[in-house]
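The values are calculated or read from the model by the stated rules, or taken from the named source; none is laboratory data. Since we're looking at a predicted model, the values are computed, not measured. Methodologically, a virtual Cβ is constructed for each residue, glycine included, from the backbone with ideal geometry; neighbour enumeration extends over all protein chains shown.
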Amino acid sequence: MITRIREVRRAKGMTLDDVAKRCEPMTTAQTIGRLETGTRTVSIGWLNRIAQALGVTAADLVDLPGKEHIPVAAYLGADGAYAPARPSHFVAPLIDGEMVGLRIMASIGDYRAGDEVWCTRIAPENYAHALNRDVLFPRPGGRFLFGRLIGREGDRLQILPLIPNARQQILTDPPWAAVATKLLRGL
């Protein structure tokens with residue numbers, strides 16, 4: 001199996017030691033290095049642990065035939081744009097779990113007209129993990145509410161809409177929610 005562990009780690013600006021310390025359970029930088037270079041075989045378990053430590057999916061760490069790649073021509077930092085020292089590329093976004101989309105039709109809050117927001121559906125028992133995140137909630141009559149989940153008291157959720165000067169909304173026991181996880185924006 002051809003992995004992209006080193007490429008993804010470097011793109012995230014992390015050292016071998018950073019990844020090793022973020023693994024659950026922790027491991028050594030030497031082990032991560034051996035897995036990157038292929039000196040040690042990468043099992044599915046290791047792939048999942050490293051993906052979690054890097055904040056990506058396991059699929060992002062595997063180079064599969066037919067997977068779309070976009071070459072990175074330059075990096076942009078505080079001193080301007082510069083060429084990468086090693087070849088690098090982006091991987092097209094992958095669908096992660098059960099997802100729904102939100103198309104932004106007018107600029108509002110941090111979102112611009114034309115943006116696509118990919119949201120991962122979560123069950124009611126996981127609402128606490130979505131606090132201080134932008135979340136889409138279904139409402140009766142085919143309507144929806146999209147805003148920042150700012151509080152939860154029992155089955156009552158407090159949502160702050162993104163519209164300026166909007167008042168907090170209270171939803172009681174929505175059947176599901178979808179947390180904004182990926183933003184696709186054309187320039």
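Is it the case, given these coordinates, that T57 is modelled with pLDDT under 90 and under 30 Å from A123 (Cβ atoms)?
Taking the combined requirement at face value, the residue satisfies it.
Every residue in the stretch 1-28 that is farther than 16 Å from G45 by Cα and part of a helix (DSSP H, G or I), please.
Result: R6, E7, V8, R9, R10, A11, L16, D17, D18, K21.
When you go through (1) surrounded by 17 or more Cβ atoms within 10 Å (Cβ to Cβ); (2) at pLDDT 90 or above one by one for Q30, which number turns out not to apply?
So Q30 meets the others, but not (1).
Do we have L157 as surrounded by 11 or more Cβ atoms within 10 Å (Cβ to Cβ), aliphatic (A, V, I, L, M), under 18 Å from M99 (Cα atoms) and touching a strand residue (DSSP E or B) at 6+ places or on another chain (Cβ under 7 Å) here?
The answer is no for L157.
Only one of these conditions is not met by S88: (1) modelled with pLDDT of 80 or more; (2) out of contact with any Leu (no Cβ under 8 Å at 6 or more places or on another chain); (3) of a type outside the set (V, I, T); (4) within 15 Å of R9 (Cα to Cα). Which number is it?
With respect to (1) modelled with pLDDT of 80 or more; (2) out of contact with any Leu (no Cβ under 8 Å at 6 or more places or on another chain); (3) of a type outside the set (V, I, T); (4) within 15 Å of R9 (Cα to Cα), S88 is out only on (1).
In the same structural domain as I104 (by TED's automatic domain parsing) and surrounded by 16 or more Cβ atoms within 10 Å (Cβ to Cβ): does that describe F144?
no
Could you tell me which residue of the stretch 160-175 is farthest from E116 (Cα to Cα), considering only residues that are surrounded by 15 or more Cβ atoms within 10 Å (Cβ to Cβ) and without any contact (Cβ under 8 Å) to a residue 24 or more places away in the chain?
L160
What residue, of A83, A106, A78, A178, is exposed (fewer than 11 other Cβ atoms within 10 Å of the Cβ) and outside the structural domain of V56 (by TED's automatic domain parsing)?
The conditions single out A106.
Just to be sure, is A81 over 17 Å from the mean Cα position of the chain (by Cα) and either in a loop (DSSP other than H, G, I, E, B) or modelled with pLDDT under 80 (or both)?
No.
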